[in-house]
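I have placed the structure first, in the form of structure tokens, so that the comments after it can refer back to it.
The values are calculated or read from the model by the stated rules, or taken from the named source; none is laboratory data. Computed from a prediction, not measured in an experiment: that's the story for all the values here. Note: ideal-geometry Cβ built from the backbone for every residue, glycine included; neighbour counts use all protein chains shown. Please note that ligands, DNA and RNA were not included when accessible areas were found on the heavy atoms of the full protein model with its side chains. Shrake-Rupley method; radii C 1.70, N 1.55, O 1.52, S 1.80 Å.
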Amino acid sequence: MPDTPSQKRGPSLEFINLSRHYGDVVAVDTISQHIEPGEFIALVGASGSGKSTLLKMVNRLIEPTSGQVEIDGEDVTTREVHELRRSIGYVFQNIGLFPHMDIAHNIAIGSRIGSRPVLPAGEIAELLELVDLPADMAARMPDQLSGGQQQRVGVARALSTKPGLMLMDEPFGALDPITRENLAESYRALHDRLGLTTIMVTHDMAEALLIADRIWVMANGSIAADAAPAQLLAGGCGEEAESLVAVPRGQAERLLARKAGG
């Protein structure tokens with residue numbers, strides 16, 4: 001794994017007239033969007049707005065009803081599913097560590113080739129170092145780790161195949177606020193260091209504002225706003241965006257007022 005800024009950026013992504021229907025319900029509605037290599041995109045919006053459905057169409061956990069997803073100009077349906085998923089890191093809220101396997105085996109599960117049971121110890125140590133965990137943690141079992149440590153292992157596992165693209169679905173949602181903030185900032189630094197392209201679903205608008213390059217505000221299966229954090233904070237990006245930004249803005253204003261009041 002690289003320990004200096006990557007010379008190769010993550011891939012570009014293109015959503016072309018992408019839709020997903022469940023019967024009469026439109027989960028994603030004719031989305032056409034572009035992501036530059038190395039960008040960090042946050043998907044925000046109310047529950048049921050289509051965020052996770054859009055994310056999962058990238059690695060074909062969900063197939064579109066119409067339209068297509070392209071990675072570096074290649075339609076994802078032209079590749080074998082297992083090959084596609086090995087090239088994409090995927091981190092989700094319920095980490096899914098195998099309780100009967102030690103951390104080394106949990107990390108190696110995504111990169112297993114044939115009957116090869118684990119990655120070399122040196123590679124496991126490098127992956128743990130990338131996520132700020134000590135090498136000796138490889139021998140521990142998942143129930144010996146805190147929630148934050150387990151989530152870091154989940155990130156290490158996603159990185160074990162050396163992907164250029166990372167998909168993250170509420171990865172820090174189950175953690176306490178301090179651990180969540182630390183992990184989010186740590187992952188952003190890792191994203192920059194490895195030159196990744198990242199798409200992250202989050203319900204936490206403050207988190208999105210702090211770590212994303214661009215924020216897509218989803219509503220009713222469509223992109224209601226696509227803007228940099230500073231643009232969203234400045235206003236003028238539409239009603240859906242303003243309602244989401246109002247929450248962290250109001251919290252900050254109340255904290256400042258309380259501080260001023262002594």
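Here are some notes:
- Nitroxide proxy distance, nm - points 7 Å out along Cα→Cβ at Lys162 and Met101: 2.0 nm
- GNM top mover of Glu239, Glu70, Glu170 - the chain, alpha-carbon springs below 10 Å: Glu239
- Surface composition of the stretch 201-241: carbon plus sulfur atoms contribute 50% of the solvent-accessible area (1.4 Å probe, protein chains only, all chains present).
- Shape call, the stretch 100-162: gyration tensor on alpha carbons, a/c limit 1.5: prolate
- Positive-pole candidate from Ser49, Met137, Tyr90, dipole of the chain, charges at beta carbon: Met137
- Relative to the current alpha-carbon distance between Glu63 and Arg193, full extension at 0.36 nm per residue lengthens the span by 43.6 nm.
- For the chain, relative contact order (Cα pairs under 8 Å, six or more residues apart, normalised by length) works out to 27 percent.
- Only protein atoms count toward the accessible area here, which uses a 1.4 Å probe; on the stretch 100-162, the carbon and sulfur part of that area reaches 53 percent.
- Proximity of backbone amide H atoms, modeled 1.01 Å from N, is registered between Phe92 and Asp169 at under 5 Å, excluding neighbours fewer than 5 places apart on the same chain.
- Additional length obtainable on full extension of the chain from Thr179 to Leu210, 0.36 nm per residue less Cα span: 9.7 nm
- Put the Cα centre of the stretch 58-100 next to the Cα centre of the stretch 175-254 and the gap is 23 Å.
- Share, in percent, of DSSP beta bridges within the chain that are antiparallel, nearest 5: 50 percent
- Computed magnitude of the charge dipole of the chain (debye, nearest 20; Cβ of K, R +1, Cβ of D, E -1): 420 debye
- Think of a 1.4 Å ball rolled over the protein heavy atoms: the stretch 100-162 then has 45 Å² of accessible area per residue.
- Percent carbon-and-sulfur accessible area, the stretch 47-86, ignoring ligands, DNA and RNA, probe 1.4 Å: 42 percent
- Summary of packing: across the peptides 140-150, 51-61, the per-residue average of other C-beta atoms within 10 Å ranks them, highest first, as 51-61, 140-150.
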